[in-house]
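All remarks here apply to the structure that follows.
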Amino acid sequence: MEICVKVRTIETNRRWSISGMMKGRSVLIMNEPYMKKKLPIGIDDFSKIRMEGFYYVDKTAMIRDLLNAWGEVNLFTRPRRFGKSLNMSMLKSFLEIGCDRSLFDGLEISKEAALCEKYMGMFPVISISLKSVEGENYESALSAMRSIIGNEALRFQYLLDDDKLTDKEKEQYQQLTAVDPSNAECFIMSEPVLKSSLCTLSSLLRKHYGKKVIILIDEYDVPLAKSNEKKYYNKMVNLIRGMFDQALKTNKDLYFSVLTGCLRVAKESIFTGLNNPNILSITNVRFDEYFGFTDEEVKGILNYYKLDDKYKDIKEWYDGYRFGNMNVYCPWDVISYCYELTANPSARPKDYWSNTSGNDAVRHLIEKAGNEQTKSEIEALVAGETVEKEIYEDLTYNQLYDTINNIWSVLFATGYLTQRGMVEDEDADIYQLSIPNREIRRIFTRQITSYFNHIVTENSKRFEDFCDALKSGDAEKTEKLLTSYLYDSITVRDSSVQKDKKEILYHGLMIGILANVDGWKAKTNADTGDGYSDVMVKIPREDIGIIVEFKYAENAQFTAGCKEAMDQIERMDYTRELKNEGYHTIYKYGIACFKKKCKVVCEKEGYRLGE
């Protein structure tokens, strides 16, 4: 007889097999190969991460700090992709009656024996996420809200069998879960019932359990953002205000509530009348280490997956955010890059943030950069410097982009800018702001390039003249027209930032111009450093190829910069691809840039122009 048993523990994810033969009652125990924990890509369910063997960065000390210092309404505001939803799932897993206590074995909160005894598994919990409440119109968004509330109410169907509840109360519950007879997935509760739904559900749960209720609302402001985009903002504000007034303001059955979101929406917008909500924004010291990864936590991840040599890259690309007094990394970026590295150790860092947002705030800032001051401030940020701005943390979504001052505040709240300190001022909250890291700087430069495309097409005569000069090897005219573009665009400033980072925006600008040329194939390898030119242009119909190499001319050393660029083209044989494809006319450009000035030199392959 052979016996085989497999056991998995949450803490280690180790697997064991026990096999043996009954003959002689001997048993042989063998370890299977150790399995690394999986990286939780896109998983924000705490119990799934703990039960299914995913890597977890322990943030459970947040539970201790929250329970030791909570208000009736606690609002955490953080940028997207910083672990808000996972922390809310963690709170639910800890507080809800019937919770699996083993999920917290070995974690920081398990050291708090008295607190666990008092709070763990002791409360009815209503937990919803409003991240999917959106639609082209109010009716579709209303349907999404009904679905979220209805499905949460369905978790408590045992209320219908509770003898403590009256028939009237059971009827109230049934109104929350009623569906369209022709479509079982379509909840049909009226708008008044929807507004009172969270309050009603908490009343029923308290009567059932004899305990006050905890309400968790994740991404509370997403419906406001989406409704503002689609022009039904006022209706959504009225709905959210009605729900929150009843659930959070006048609810005698509420123990406490926790909300998360990106922005701290003005109190008069949806939090009217709430008694001193406990606002925990990115400027607060409390809880500053619980959203985002600390440096120590990132080093732990890298060490676990044997990726220690990637620390410098990850720090440069994904670190730099400052919440309260803590410097943190974006968890989404770190996990995503480590996931790629475990399959491809040579994978390069990239921008994961843009895949989850339209980056509207950056676009609005650049579009409003009509005056020289704002343009200069954007240039300072891209150069790695700081700007001083007064920050308004109380905003309303329908006024986010009304003024340039509001836009600065939005950029700060949503993580496109971070603080490097405050300026002493008794009358205003003035912060020193900077771009956090290389990933966000790339978003800025791409948005600048995109906006520059619009500038290029505005003046067709200049655009045509520039293209004619470039394809004919006219260095003098190319220099003159490129200089005029530099004055119109946002360019890099002289600073301590490395030269290669300063050069990126210049060849991004060039690509921005050339992307508008019909029949031209332009590409850049600016970020690779793998022996490719900054810009390569192919004009098949005219049998012309162009190589462009940019250099940042430190202290306006234009001649030296051009020489360095041309020498690099020769040394690295950048024209090889064009030659192999049979281009007979090849122009090589060395361009040295300093602030808003440039010098251009050009050679034709095989001989100097004019000889």
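Let me check something: with ligands and nucleic acids excluded, how do GLU171, GLU603 order by accessible area (1.4 Å probe), largest to smallest?
Highest to lowest solvent-accessible surface, that is GLU171, GLU603.
Let me check against my output: what whole-number percent is the relative contact order of the chain, with C-alpha pairs under 8 Å and at least 6 apart?
10
Which cross-chain or sequence-distant (5 or more) residues have an amide H under 5 Å from the amide H of PHE594, H modelled 1.01 Å from N in plane?
ALA553
Could you sort out which of LYS306/LYS551; LYS48/LYS306; LYS92/LYS252; LYS471/LYS599 sit more than 27 Å apart by Cα distance in this structure?
The answer is LYS306/LYS551.
Report, in whole Å, the centroid distance computed from the Cα atoms of the stretch 578-595 and the stretch 454-478.
16
Beyond 23 Å between alpha-carbons counts as too far, so tell me which of LYS368/LYS523; LYS84/LYS315; LYS231/LYS389 fall in that bin.
Pairs exceeding 23 Å: LYS368/LYS523; LYS231/LYS389.
If I fit a long axis through the Cα atoms of helix 138-154 and take the longest principal axis of the Cα atoms of the chain, what angle between them do I get, 0 to 90°, rounded to 10?
On a 0 to 90 degree scale, this one is about 40.
Hey, any idea what % of the chain's accessible area is carbon plus sulfur with a 1.4 Å probe?
That fraction is 47 percent.
Quick query: amide H of THR60 versus all other amide H atoms, modeled in the peptide plane; which residues come in under 5 Å with a sequence gap of 5 or more or a different chain?
Excluding prolines and chain starts, which carry no amide H, the hits are GLU108, ILE109.
Taking only C-alpha pairs under 8 Å that are 6+ residues apart, what is the relative contact order of the stretch 56-122 in percent?
This gives 41 percent for the stretch 56-122.
Kindly write out, for the stretch 65-79 in residue order, the coupling ³J(HN,Hα) from the Karplus curve 6.51 cos²θ - 1.76 cosθ + 1.60 (θ = phi - 60°), rounded to whole Hz, with x marking Gly and Pro.
5, 5, 5, 7, 7, 10, x, 5, 10, 10, 10, 9, 10, 8, x
Given the stretch 418-495 reduced to its alpha-carbon atoms as identical point scatterers, what log10 I(q)/I(0) does the Debye formula return at q = 0.22, 0.27 Å⁻¹?
-1.04, -1.21
Label points 7 Å out from Cα along the Cβ direction at GLN557 and TYR532: separation in nm?
2.9
In vacuo Debye scattering of the chain, one point per C-alpha: log10 I(q)/I(0) at q = 0.07, 0.08, 0.09, 0.13 Å⁻¹?
Once normalised to I(0) and log-transformed, intensities are -0.57, -0.72, -0.86, -1.33.
Per DSSP H run of n ≥ 4, the term is -39500 (n - 2.57); total these for the chain, divide by its residue number, and report the mean residue ellipticity at 222 nm rounded to 500 deg cm²/dmol.
That comes out to -12000 deg cm²/dmol.
Place +1 on the Cβ of every Lys and Arg and -1 on the Cβ of every Asp and Glu in the chain, take the dipole about the Cα centre, and give the residue among PRO331, TYR311, GLY106 whose Cα lies farthest towards its positive end.
With unit charges placed on the Cβ atoms, the residue in question is GLY106.
Excluding ligands, DNA and RNA, what is the solvent-accessible area per residue of the stretch 263-348 at a probe of 1.4 Å, expressed in Å²?
44
The values are calculated or read from the model by the stated rules, or taken from the named source; none is laboratory data. What you are looking at is a predicted structure, and each value in this text was computed from that prediction instead of being measured. Here Cβ is always computed from backbone atoms with ideal geometry, including for glycine, and neighbour counts include all displayed protein chains. Surface areas here come from the heavy atoms of the whole protein model, side chains and all, with no ligands, DNA or RNA. Shrake-Rupley method; radii C 1.70, N 1.55, O 1.52, S 1.80 Å.
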